[in-house]
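Presented below is the structure to which this report refers.
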Amino acid sequence: MRLLFISYNRIGDAVLSTGLLGHLIERRQGLRIWVACGPQAVELFQPTPGVERVIALTKQPLAGHWLALWRQAGPWRWDLVVDLRASLIAYFLSAGERRVLRPDRAARHRLQHLGALFGLDPPPRPRLWPTAADGARAASLLPAGGPILALAPGANWGGKVWPAERFAELVGRLTASGGPLPGARLLLLGAPGERAICARVAAALPAERVIDIAGRAGLLTAFACLRRVSLFVGNDSAAMHLAATTGQPTLGLFGPSREERYGPWGAHGASVRGERSFREIVGQPGYDYRRQDSHMLDLSVDKVEAAARALLARGRAVE
């Protein structure tokens, strides 16, 4: 049975789509799968069981990337085509079944939107398949012994970035002798372009307690590292979705994006924002999504610390 699975361009959205893909793998035995996704997300899907090919959809003028996909997928007969990007290509392919995800106007999480494509409620949780090499590298980077605090202080847009000095202050509070993670090591994650902000946060602790893999590790190695942490705190980003997928306590910081749609999913996920709602931020005079100014300045360290402590306490209560 052949499946063409058209996922997203952005890494975070691609991570969320893996729950639906995992569900199909479990329910439809013997799938031979091709995945199409953005270039940065390709490595997420390569070790997935049943995946024969991952096609990088590099955006081209006049939607040329869809023509390029059709040239590769068009000659085949597909038992199922799942298109999460509402393109027209699904209707030009020979397919026994087509599922095309339409834009969602409902106030619900992206995972619920994805699950609804197959009538799944609750929706399947995202899942990834790191290799043994990813696990081995994570073990070498983060050997057992004491708590680990993971932070992702960057994001794909400056408007979603909480100031680095506040992350640094948060590190000091959480890892102090009276904090919830006393003496913890610090794991820093991010894209290559976020190494500078990670370096500013790293200064909060002695160098021997900092493991900075921003721009130095693949996505699945980062995921394997996140499986070993005690708490993740980060902006609305791909790293946040990777962390939530592990099931470890994950706190997402929100401002000019919607936590009800993109917050960390699951019993061990939580979101926190400042005093302004999403609508108040994007509706303020002079708001311009093209600018890189942070819209996270009304989120205090006190509020994030309280949310982190509450999330950790909730997890311990469940245990």
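Here is a list: Arg77, Arg105, Arg99. Which entry is over 21 Å from Gln29 (Cβ atoms), charged (D, E, K, R) and assigned by TED's automatic domain parsing to the domain that holds Ala36?
Arg105
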By residue number, the members of region 2-27 that are hydroxyl-bearing (Ser, Thr, Tyr) and either surrounded by 22 or more Cβ atoms within 10 Å (Cβ to Cβ) or in a helix (DSSP H, G or I) (or both) are Ser7, Ser17, Thr18
For Gly283, the lone unmet condition from (1) in contact (Cβ under 8 Å) with a residue 12 or more places away in the chain; (2) of a type in the set (Gly, Ala, Ser); (3) farther than 26 Å from Ile148 by Cβ is (1)
Scan region 257-270 for residues that are surrounded by fewer than 21 Cβ atoms within 10 Å (Cβ to Cβ) and closer than 28 Å to Asp288 by Cβ and jot them down.
-> Arg258, Glu259, Glu260, Arg261
Can you confirm whether region 96-115 contains a residue that is crowded, with 19+ Cβ neighbours inside 10 Å, out of contact with any Leu (no Cβ under 8 Å at 6 or more places or on another chain) and either at pLDDT below 95 or assigned to a loop (DSSP other than H, G, I, E, B) (or both)?
-> yes
Of all residues in region 229-245, count the ones that are assigned to a loop (DSSP other than H, G, I, E, B) and hydrophobic (A, V, I, L, M, F, W, C).
-> 1
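Among the residues of region 57-85, which ones are in a helix (DSSP H, G or I) and surrounded by 11 or more Cβ atoms within 10 Å (Cβ to Cβ)?
Within region 57-85, Ala63, Gly64, His65, Trp66, Leu67, Ala68, Leu69, Trp70, Gln72, Ala73 qualify.
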Kindly check whether there is at least one residue in region 28-50 that is of a type in the set (Lys, Arg), exposed (fewer than 12 other Cβ atoms within 10 Å of the Cβ) and modelled with pLDDT under 95.
-> no
Within region 116-144, considering residues that are of a type in the set (A, V, I, L, M, F, W, C) and outside any helix (DSSP H, G or I), the one modelled with the lowest pLDDT | Ala144
If the Cβ limit is 7 Å and pairs must be 6+ apart or interchain, which residue in region 21-39 that is under 17 Å from Ala90 (Cβ atoms) pairs with which residue that is surrounded by fewer than 14 Cβ atoms within 10 Å (Cβ to Cβ)?
-> Ile33/Glu52; Trp34/Glu52
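Are any of the residues in region 149-167 at pLDDT below 95 and among the aliphatic types (A, V, I, L, M)? Don't jump to the end; show me each part of the working.
Just the residues of region 149-167 that are at pLDDT below 95, to begin with: 156.
Retained after the next criterion (residues that are among the aliphatic types (A, V, I, L, M)): none.
No, region 149-167 contains no residue that is at pLDDT below 95 and among the aliphatic types (A, V, I, L, M).
The values are calculated or read from the model by the stated rules, or taken from the named source; none is laboratory data. If you're wondering where the values come from, they're calculated on a predicted model, not measured in any experiment. Positions of Cβ are generated from backbone atoms using ideal geometry, with glycine treated the same way; all protein chains shown enter the neighbour counts.
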